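Colleague: My questions all concern the structure below.
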Amino acid sequence: MKPRNNLCDSERERVLRELRRDYARNTRVPARLAAELARITPLAQTAWEEARAAGDVAAFLPWLSQMVALRREEGEAIADGGDPYDALMADYEPETDAASVAAVFDTMRPRLVALRDAVLGADTPPALEGQFDREGQLELARKLAVRFGYDMARGRIDLAVHPFSSGSGDDVRITTRVAEDDPFNCLYSTLHEVGHGAYEQGVDPAYRLSPIGRGVSMGVHESQSRIYENQLGRSRAFCHWLHGAMVETFGPLNVSDADGLYAAANRVTRGYIRTEADEVQYNLHIMLRFDLERALIHGTLAPDDLEEAWNTRFKADFGIPVDRPANGVLQDVHWSVGLFGYFPTYALGNLYAGCLHKALRADLPDLDAQLAAGDLAQATGWLREKLQRHGALRPPRATIEAACGFAPDAGPLLDYLETKFRALYRL
Ligand code: ZN
């Protein structure tokens, strides 16, 4: 199909709206404040790295206090009388307010805590163990990327310590990482980044180089990475195909069979670290950070009291005490570089992925047969057509609603998690 040259009126209207919002946001921030933020950010990040390595929260506190004060001032300037945290969050999730996000999170927490307690009270399935050849992992990761619709002619896969994706249009690159004793790390990091990359590659070429020619928000972006990685990649049906592919690549595995691989890919264990969390516990990590950072920006929590607040909340939500700051309040880079309002987009992404998965299954009744054959063409084609193609044409929630045919809420994600993990752990 030949790309269109002209945008229609509603598309042009959306371009103007995006430009107006960017302009208003940037011109409301005084030059002095923008310069001070740019000056402080690398210094604060270095201080965080050193404090984290030394386990010394006190050494990071002066930097955190400065960062909170500067970002609060920035939020107040952008909000122009509105809520400063909402204004900061809008950089990552526009046209969404924190109070409604908080209300959704509050409905999710009890069901997630109950599920986590039930799962952790059951027997944990065996982990995948052994040494897995580096080249074999990368070869399989590339195979997965192509099966999930990543266009290698318009992208490439490289290595990075913390995988990420970048670019848009005809140059969308992703990275992955390899641990020889943990092939899931490489394979699922790749699928995650492929979801981000496929979104950018999938946007209508007519939107290129315009404000609507990209993913609409971090939350909607994360819905793509999460559905590729989790709802599709960690499904029982796909794990059956993956089991065959892994045996072919690496030889016999220590897990009993394809269902053993499925259980190993979905193990739930106690842990401190957000980035290593499973599907059941991940959102609890986000809710903790969301509540604390909102309180920091609103001034109801002082930076000096942050560590104690973190540790108290962690014990309540996860059932174990934090053992050291690197496993607690110092584990994430975000606050050191002033990313307040970013964390909730990860959980919104999961929530949106839950909605998309429900709608996808309704439209593709034989999805499991396709996944078991390693055939993602219809599933990723559906996501491209319903969501990715439209870029930032609509606000985030409207983007999900247009794709799903219903307004997004937490129900589909919670139902999916309970069904999946109750079956897996025979609850
Ligand atoms: Zn991501």
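The numbers here are math on the coordinates, done by the rules we state, and not lab data. From a predicted model like this one, the values you see are computed outputs, not experimental measurements. All Cβ positions, glycine included, derive from the backbone under ideal geometry; neighbour counts span all protein chains shown.
Colleague: Among (1) more than 29 Å from residue 165 (Cα to Cα); (2) touching a Gly at 6+ places or on another chain (Cβ under 9 Å), where does residue 149 come up short?
Modeller: The number of the failed condition is (1).
Colleague: Here are some conditions: (1) away from the ligand (no atom under 16 Å from the Cβ); (2) in a helix (DSSP H, G or I); (3) closer than 22 Å to residue 134 by Cα. Residue 229 meets all but one. Which one does it not meet?
Modeller: (1)
Colleague: List the helices (runs of 4 or more DSSP H) inside region 308-418, counting only whole elements, that have at least 2 residues being touching a His at 6+ places or on another chain (Cβ under 9 Å) and without any contact (Cβ under 8 Å) to a residue 60 or more places away in the chain.
Modeller: Fully inside region 308-418 and qualifying: 396-404.
Colleague: Also, quick follow-up: Taking region 160-201 as the region of interest, how many residues are among the basic types (Lys, Arg) and either within 12 Å of residue 134 (Cα to Cα) or under 16 Å from the mean Cα position of the chain (by Cα) (or both)?
Modeller: 1
Yes or no, residue by residue, for (1) touching a residue at least 40 places away in the same chain (Cβ under 8 Å); (2) of a type in the set (Asp, Glu):
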{"position": "80", "(1), (2)": "yes, yes"}
{"position": "91", "(1), (2)": "yes, yes"}
{"position": "94", "(1), (2)": "yes, no"}
{"position": "98", "(1), (2)": "yes, no"}
{"position": "104", "(1), (2)": "yes, no"}
{"position": "120", "(1), (2)": "yes, no"}
{"position": "127", "(1), (2)": "yes, no"}
{"position": "141", "(1), (2)": "yes, no"}
{"position": "146", "(1), (2)": "no, no"}
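Colleague: Further question on the same structure: Restricting to region 176-214, name every residue that is of a type in the set (Val, Ile, Thr) and either within 16 Å of the ligand (Cβ to nearest atom) or in a helix (DSSP H, G or I) (or both).
Modeller: Looking only at region 176-214, we keep the residues that are of a type in the set (Val, Ile, Thr), and these are 176, 178, 190, 194, 203, 212.
Correct list: 176, 190, 194.
Colleague: Also, quick follow-up: Inspect all residues belonging to region 236-245 and state whether any of them is within 25 Å of residue 123 (Cα to Cα), touching a residue at least 60 places away in the same chain (Cβ under 8 Å), within 16 Å of the ligand (Cβ to nearest atom) and buried (at least 24 other Cβ atoms within 10 Å of the Cβ).
Modeller: Checked region 236-245: no residue is within 25 Å of residue 123 (Cα to Cα), touching a residue at least 60 places away in the same chain (Cβ under 8 Å), within 16 Å of the ligand (Cβ to nearest atom) and buried (at least 24 other Cβ atoms within 10 Å of the Cβ).
Colleague: Now, a different point. Among the residues of region 165-174, are any crowded, with 22+ Cβ neighbours inside 10 Å, over 28 Å from residue 71 (Cβ atoms) and within 15 Å of the ligand (Cβ to nearest atom)?
Modeller: Within region 165-174, one or more residues are crowded, with 22+ Cβ neighbours inside 10 Å, over 28 Å from residue 71 (Cβ atoms) and within 15 Å of the ligand (Cβ to nearest atom).
Colleague: Right, another one. Residue 251 passes all but one of (1) without any contact (Cβ under 8 Å) to a residue 12 or more places away in the chain; (2) within 15 Å of the ligand (Cβ to nearest atom); (3) not aliphatic (A, V, I, L, M); which number fails?
Modeller: It is condition (2) that residue 251 fails.
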